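Asks: Here it is: the structure, laid out below.
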Amino acid sequence: MSESTRMMLGLILGIVIMVILVSKTKVHTFIALLAACCIAGIIGGMPFVDVSQDDGTTITGLVTAIQDGFGNTLKSTGIIIGLGVMMGGILEKSGAAERMAYSFIKAVGKKKEEWALAITGWFISIPVFADSAIVIFAPLCKAISKVTGKSLVGLALAMAAGLQLTHCLVPPTPGPTTAATMLGVDVGQMIIFGSLISIPMLIVAVLYCQWLGKKIYQIPTDDGGFERKEYKKEYIRSMEELDGMIGQKNLPGLWMSIAPIVVPLVLILANTILGMAGIKIGLLSFLGAPIIALAIGTLIAIYGLMKKNDNKEVLGIMDDAIKSTGIIMLITGAGGSLGNVIKVSGIGDALGEAVMALPLPAILIPFIIAALMRIALGSATVAITTAASLSASLMGVISVSPLLMSISCCVGAISFSYFNDSGFWVWNGMFGVTELKDQIRCKTAISLIMAAVGIVELLILSIFMH
C-alpha cells in the first residue's frame, strides 16, 4: 500500500468511526471528533509527539496538531460567539429582536422571509466573515421564526446559504481574492462573474430551504431553547395576526433595536473597504476588527435597550445566554483540530496529487481538488487557496480560461460542509440542530446542492469560454 493510499484510508476510517460513535453510541460529538483526529493522524503516519531532527527542524506530533487546530479555530471564533450570544440575549429579552422581525417582515412581505434572509446573507458576507455574520443575525432569525411561525431551520439555513456563496465566490473575501491573484485573473472580473454564477445557486438553495423548513419544523422557545414538532399550515401566522400582535406589545423603537447589529457591521465594512483601497487608519482597524465591533454592539444593546433595568437582571440575561455556548466552542474547536491534523499529516496534499492524475474534463479538475481539500481540511478559504496553487501548475497545459479555473476552485470549496468545518458547528449550535441526520440534511446538503448547480454552470460556461 502506497503512503498516499494509507493517508486517505486513515481519513476515511476516522470519519466513519466518528459517525458511528455519534449516531450509535453514548460517546459525545466532541470526543468522537478527537477520536477521528487520532485515527486519521496515526494511520496517516504522524508521530504521537513532536520529534526534533538533526537539521534543527521539528516534525509536528499528533498531540500538538490537535492542540494547535483547536486553539487557532477558537482564536477566530470563540470571542465572537461569546459576544454574539450575550448581545443576542439582550436583543431577545428587551423585545428588540421582535421589533426587528416585525419591521423586516413588513418591508419584504409575508412568504418572502427565506428569500430576504438569503439575499441579506449574500450581501453581508462580502465584507463580514461568514461565521461572525451567523452569530450577529441569529437573534433576527429566531425572532422571525417566533413571530411568523415558520421553522427556524429553513430561515437560518437560507441566510447561511447566502453567506456561504459570497464568502467563497466574491472578492474581497480571502479565498476568491487569493485564487484570482494566483491564477492571474483581474479581481474586478472575479467579482462580476463570481456574483453572477452565485445567483442560480442561491435560487435553488432557497427553494430547498423552504422545503426543508416543513420537514424539520423547529421554533425557538421563550426560555432560549427550541421546540420540534410536526409541521402544520395553521402554525404560520397571517399578516393580520402579526399586525394584531405588534399592536399589543410595548417594544423598543426600530433604530435603537437595529443599532447593536448595524454599528458593528458598518465598522467592519468601513475597515474592509478602506483596506481594499490601500488606506490604513489605525483607530478604524481596531474598531473594525470583528471582536471589537461586536463588543461595541453589545455595549450599545446593554445601555441603549436595558438602561432602566436592574444591573443584576441584565447580567443574569447575559449569563443565561452564554451558558449554552460552552459545548458549541468545544465542538467547533475539535472540528478545527481534525482539519489541522489532516493538513499537517499531508493527507490534503495526497488527495490533490491523486486528482491531478485522473482523466477528467479540464474544467472539473480545479473543482474536484477544491472539493477534496474542503472535505479534508474543513476551511473553504484554505481549500480555494490549495486548489488554486495546484491548478496554477496546469495553466498552459489544459485549455480552460484562468477566470473559469478560479471560479471552479471557488465552487468546489462550497461543496462539502461537515464535521471538520467550524461554520458547520457554529450554525448547528446557534440554531439547535443536534441530530446527526438533521445536521447532514441542513449544512452538508445545502452545500452539495449549491455546488451541483455550480458544476452545471461551469460545464456550460466552458463551452463558450476558453
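Asks: Quick check on residue 27: is it hydrophobic (A, V, I, L, M, F, W, C), over 19 Å from residue 6 (Cβ atoms), part of a helix (DSSP H, G or I) and out of contact with any Pro (no Cβ under 7 Å at 6 or more places or on another chain)?
Replies: In short, no.
Asks: Quick one: in region 240-271, which of the residues that are part of a loop (DSSP other than H, G, I, E, B) and within 33 Å of the chain's Cα centre (by Cα) is modelled with the lowest pLDDT?
Replies: Selected residue: 251.
For (1) open to solvent by less than 30 Å² (accessible area, probe 1.4 Å); (2) touching a Pro at 6+ places or on another chain (Cβ under 9 Å); (3) among the aliphatic types (A, V, I, L, M), each residue gets a yes or a no:
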| site | (1), (2), (3) |
| --- | --- |
| 274 | no, no, yes |
| 279 | no, no, yes |
| 286 | no, no, no |
| 299 | no, yes, yes |
| 306 | yes, no, yes |
| 310 | no, no, no |
| 322 | no, no, yes |
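Asks: Shifting gears a bit: Within region 272-288, work out how many residues are in a helix (DSSP H, G or I), of a type outside the set (A, V, I, L, M) and touching a helix residue (DSSP H, G or I) at 6+ places or on another chain (Cβ under 9 Å). Explain how you work it out, then say what you get.
Replies: Taking region 272-288 as the starting set, the residues that turn out to be in a helix (DSSP H, G or I) are 272-276, 282-287.
Filter once more, keeping what is of a type outside the set (A, V, I, L, M): 272, 275, 282, 285-286.
Imposing the further condition that a residue be touching a helix residue (DSSP H, G or I) at 6+ places or on another chain (Cβ under 9 Å) reduces the set to 275, 285-286.
Counting residues in region 272-288 that are in a helix (DSSP H, G or I), of a type outside the set (A, V, I, L, M) and touching a helix residue (DSSP H, G or I) at 6+ places or on another chain (Cβ under 9 Å) gives 3.
Asks: Additional query: Could you list, in sequence order, the residues of region 39-61 that are surrounded by 17 or more Cβ atoms within 10 Å (Cβ to Cβ), over 13 Å from residue 9 (Cα atoms) and not β-branched (Val, Ile, Thr)?
Replies: Answer for region 39-61, where residues must be surrounded by 17 or more Cβ atoms within 10 Å (Cβ to Cβ), over 13 Å from residue 9 (Cα atoms) and not β-branched (Val, Ile, Thr): 46, 61.
Asks: For the list (1) within 19 Å of the chain's Cα centre (by Cα); (2) modelled with pLDDT under 85; (3) surrounded by fewer than 24 Cβ atoms within 10 Å (Cβ to Cβ), I need the number of the one condition that residue 374 fails.
Replies: (3)
Asks: A further question on this structure: Given the criteria in contact (Cβ under 8 Å) with a residue 12 or more places away in the chain, under 30 Å from residue 68 (Cα atoms) and out of contact with any Asp or Glu (no Cβ under 9 Å at 6 or more places or on another chain), does residue 295 qualify?
Replies: Judged against the criteria, residue 295 is a match.
The values are calculated or read from the model by the stated rules, or taken from the named source; none is laboratory data. These numbers were taken from a predicted model, which means no experiment stands behind them. Heads up, the Cβs are rebuilt from the backbone with ideal geometry, glycines too, and the neighbour counts pull from every protein chain shown. Note: accessible area is taken over every heavy atom of the protein model, side chains too, but ligands, DNA and RNA are not part of it. Shrake-Rupley method; radii C 1.70, N 1.55, O 1.52, S 1.80 Å.
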